[in-house]
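Some notes on the structure that comes next.
The values are calculated or read from the model by the stated rules, or taken from the named source; none is laboratory data. Fair warning: this is a prediction, and the values are worked out from it, not measured in the lab. Glycine gets a Cβ as well: all are built from the backbone with ideal geometry, and neighbour counts include every protein chain shown.
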Amino acid sequence: MHRITGSRGRLTAVLGVLAVIAAVAVSPAFGRQGNVSAHNGGVPKSANLKLGKTLFIAACGGCHTLAAAGTKGKRGGNLGSEPSGYTAIVTQIKYGGDGMPAFGTAFAKSQIVAIAAYVSKSTPYSGASAD
Ligand code: HEC
């Protein structure tokens, strides 16, 4: 047990709780989402898109608009407005930047994979990812 200090600690704690809720909420029926199309820039076939959507709405939607998720956050802009490559999204989630907090310690790797897979599948994809 350690004392949580500062906004970063609070955010991490909130995300941890959300992640647990999301993990419990995701039933085996959702399972693996197969058939991730090959053109989609290295998204692992095991990526759980349902989990990604749940986590996106909880952790990202407050700052990002994404039509597919029904979120309308303004601070981080509209992720559906331009192509985003899977690998670039993974990096952005892990390290943040440009005013976005880092989530590399808030999420397990499989959760980051799930969110990035979901976002990259939900944005226009040109085949020319930034990675
Ligand atoms: C506290 C607000 C905030 C949260 C929460 C947040 N972001 Fe961001 N995000 C930003 C800001 C600000 C930028 C920089 C936007 C820019 O450069 O125009 C950004 C940029 C991005 C980018 C780069 C693409 C772009 O439009 O510049 C991606 C991808 C992204 N965020 C995904 C996510 C994901 C996925 C999550 C959830 C794990 C998340 N963000 C959570 C604020 C946030």
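Some observations on this one:
- Filter result for residue 73 (farther than 16 Å from residue 42 by Cα, touching a Ser or Thr at 6+ places or on another chain (Cβ under 7 Å) and modelled with pLDDT of 95 or more): yes
- The one condition in (1) within 10 Å of the ligand (Cβ to nearest atom); (2) modelled with pLDDT under 95; (3) not aromatic (Phe, Trp, Tyr) that residue 52 fails to fulfil: (2)
- Residue 80 being more than 8 Å from the ligand (Cβ to nearest atom) and not aliphatic (A, V, I, L, M): yes
- Comparison of 87, 91, 65 shows that the only residue that is more than 12 Å from residue 118 (Cβ to Cβ) and in a strand (DSSP E or B) is 65.
- Restricting the stretch 51-98 to residues that are among the aliphatic types (A, V, I, L, M) and touching a residue at least 60 places away in the same chain (Cβ under 8 Å) leaves a set whose member that is surrounded by the fewest Cβ atoms within 10 Å (Cβ to Cβ) is 51.
- Among the residues of this structure, residue 103 counts as one that is part of a loop (DSSP other than H, G, I, E, B), farther than 11 Å from residue 120 by Cα and at pLDDT 85 or above.
- Test: residue in the stretch 99-108 that is crowded, with 17+ Cβ neighbours inside 10 Å, more than 8 Å from the ligand (Cβ to nearest atom) and free of Cβ contacts under 8 Å to residues at least 24 places away in the same chain: no
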